[in-house]
1. Inside region 29-60, can you point out the residues that are of a type in the set (A, V, I, L, M, F, W, C) and buried (at least 16 other Cβ atoms within 10 Å of the Cβ)?
2. How many residues does region 19-74 contain that are more than 16 Å from E9 (Cα to Cα) and of a type outside the set (A, V, I, L, M, F, W, C)?
3. If you take the residues in region 1-13 that are hydrophobic (A, V, I, L, M, F, W, C) and open to solvent by 10 Å² or more (accessible area, probe 1.4 Å), which one is nearest to V68 (Cα to Cα)?
4. So which of Q63, Q16 ends up being open to solvent by 50 Å² or more (accessible area, probe 1.4 Å), of a type in the set (S, T, N, Q) and assigned to a loop (DSSP other than H, G, I, E, B)?
5. Kindly indicate whether V56 is touching a residue at least 40 places away in the same chain (Cβ under 8 Å), outside any strand (DSSP E or B) and not hydroxyl-bearing (S, T, Y).
Amino acid sequence: MIKVFIGGECSGRVRQALVRRGAWVVSCDLKPAEDGVGKPTSYASGHWIGDMCDVVDYLYEMQLEFDVGLWHPE
């Protein structure tokens, strides 16, 4: 399964599209997800609230690596 990180996405549209195609996806933004999704788990995609660079650093420290990163800067 491909693991994707999306920085700067709060709508959930890109995350949902990739999940439908079989990816495990983490989106991150300073705002909550507009689709109401919460933090990801080991078996379900999700959305982190916070600075995308800080979240990537934290997830890397937790030994979670991604295959693809998509970034939507303001």
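The values are calculated or read from the model by the stated rules, or taken from the named source; none is laboratory data. Please read these numbers as outputs of a predicted model, since none were measured by experiment. When we count neighbours, we look across all protein chains shown, and the Cβ atoms used for this are built from the backbone with ideal geometry, even at glycine. Each accessible area value is taken on the protein alone, full model and side chains, heavy atoms only, with ligands, DNA and RNA left out. Shrake-Rupley method; radii C 1.70, N 1.55, O 1.52, S 1.80 Å.
1. The answer is A33, V37, W48, M52, V55, V56, L59.
2. 13
3. Selected residue: I2.
4. The unique qualifying residue is Q63.
5. yes
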